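The values are calculated or read from the model by the stated rules, or taken from the named source; none is laboratory data. For clarity, every value in this text was computed on a predicted model and none was experimentally measured. All Cβ positions, even for glycine, are placed from backbone atoms using ideal geometry, and neighbour counts span all protein chains on display. Heavy atoms of the whole protein, side chains included, go into the accessibility calculation; ligands, DNA and RNA do not. Shrake-Rupley method; radii C 1.70, N 1.55, O 1.52, S 1.80 Å.
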Amino acid sequence: MDAPTIVAIGLGVVVFIILLSCIKIVPQRSAYVIERLGKYNGTLLAGFHFLMPIIDKVAYKHTLKESAIDVASQSCITKDNIAVEVDGVLYLQVMDAKKASYGIDNYGFAAIQIAQTTMRSVIGRLDLDKTFEERETINTSIVNAVDKASDPWGVKIARYEVKNITPPQSIKDAMEKQMRAEREKRAMIAESEGQKQAKINVAEGDKQELIARSEGEKQKRINEASGKASEIEAIASATAKGIKEIALAINEKGGMDAVNLRVAEQYLGEFGKLAKENNTMIIPSNLSDVSGIIATATSVLNQTKK
């Protein structure tokens, strides 16, 4: 092989390599910033592209996907002068590749610095207890501050999340004691409420028992009174019926004789009892006149009938 042929082959290989280097395939969700003779010429998005040999070059490569950047732990002083260690995660996305290339040297580092500075400022306005409650406020404040600063960089701050807020060990111990005391307080309150409710229930039960007893006693007395009234009414009715029957019997033939005989019997019987029970006895002057006694009783009955 002669020299001209070798030179031609060499030139062909060089030309092929140069042409191959001018072919650029940009991946999906990526952007390449092209400079021509050191000056910005354009931005290549996903797809096949051909650059001018030698004068064009890829100066910057950016991913257009959202990126998560870890914000290292830093010491912050709270409003009540407690030093806490705070770290987080910053989510950002390149929206303009040109601005991200020429607006700032390192937008990731700059975003982290602004996030840390804003973090110290926000934590400094909060008490220690509030820092655990106001995570959302802290996140929003940092996002607003970084997003405003990163607008000239062509970068959009999606969100910021606080990962850990770590107080000193002494503060942890104090917080643990406070939490333990709070739990004991709630337990004592719950126990006292239970005792209170138990006493209320017992008192209510006693009240219901007394009411039930009084109602029972009342009903008992009503029943007894009703029974006595019924008894009296029955006795009165029976007595009236008996008197009526006696009156009817007296008016019948021989009725008066039976009455006279009965009165005499009762008179003599009662007089005999009196004689048995007493050593001294007053004898009526007309004891022998039984007929007179019967006549007197009969006159009384006649007066009653009238």
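The set of residues in segment 74-103 that are open to solvent by less than 40 Å² (accessible area, probe 1.4 Å) and among the aliphatic types (A, V, I, L, M) comprises Ile82, Val84, Val86, Val89, Leu90, Leu92, Val94, Ala97, Ala100. The number of residues in segment 1-54 being more than 60 Å from the chain's Cα centre (by Cα), under 30 Å from Glu66 (Cα atoms) and of a type in the set (A, V, I, L, M, F, W, C) comes to 7.
Only one of the numbered conditions (1) in a strand (DSSP E or B); (2) aliphatic (A, V, I, L, M); (3) without any contact (Cβ under 8 Å) to a residue 40 or more places away in the chain is not met by Val143, and that is (1).
Taken together, Lys148, Lys130, Lys185, Lys177 contain a single residue that is open to solvent by 40 Å² or more (accessible area, probe 1.4 Å), under 24 Å from Ala31 (Cβ atoms) and assigned to a helix (DSSP H, G or I), which is Lys148.
For segment 159-171, the criterion of being under 36 Å from the mean Cα position of the chain (by Cα) and without any contact (Cβ under 8 Å) to a residue 12 or more places away in the chain is satisfied by at least one residue. For beta carbons closer than 6 Å, sequence separation of 6+ or different chains, a first residue in segment 9-38 that is within 24 Å of Asp96 (Cα to Cα) and a second that is assigned to a helix (DSSP H, G or I) and modelled with pLDDT under 90, there are no qualifying pairs.
Conditions tested, residue by residue: (1) over 30 Å from Ser21 (Cβ atoms); (2) within 47 Å of the chain's Cα centre (by Cα); (3) at pLDDT 90 or above.
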residue: Ala83; (1), (2), (3): yes, yes, no
residue: Tyr91; (1), (2), (3): yes, yes, yes
residue: Val94; (1), (2), (3): no, yes, yes
residue: Ala97; (1), (2), (3): no, no, yes
residue: Asp105; (1), (2), (3): no, no, no
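For Gln113, the criteria (1) among the polar types (S, T, N, Q); (2) surrounded by 16 or more Cβ atoms within 10 Å (Cβ to Cβ); (3) without any contact (Cβ under 8 Å) to a residue 12 or more places away in the chain hold in every case but one, which is (2).
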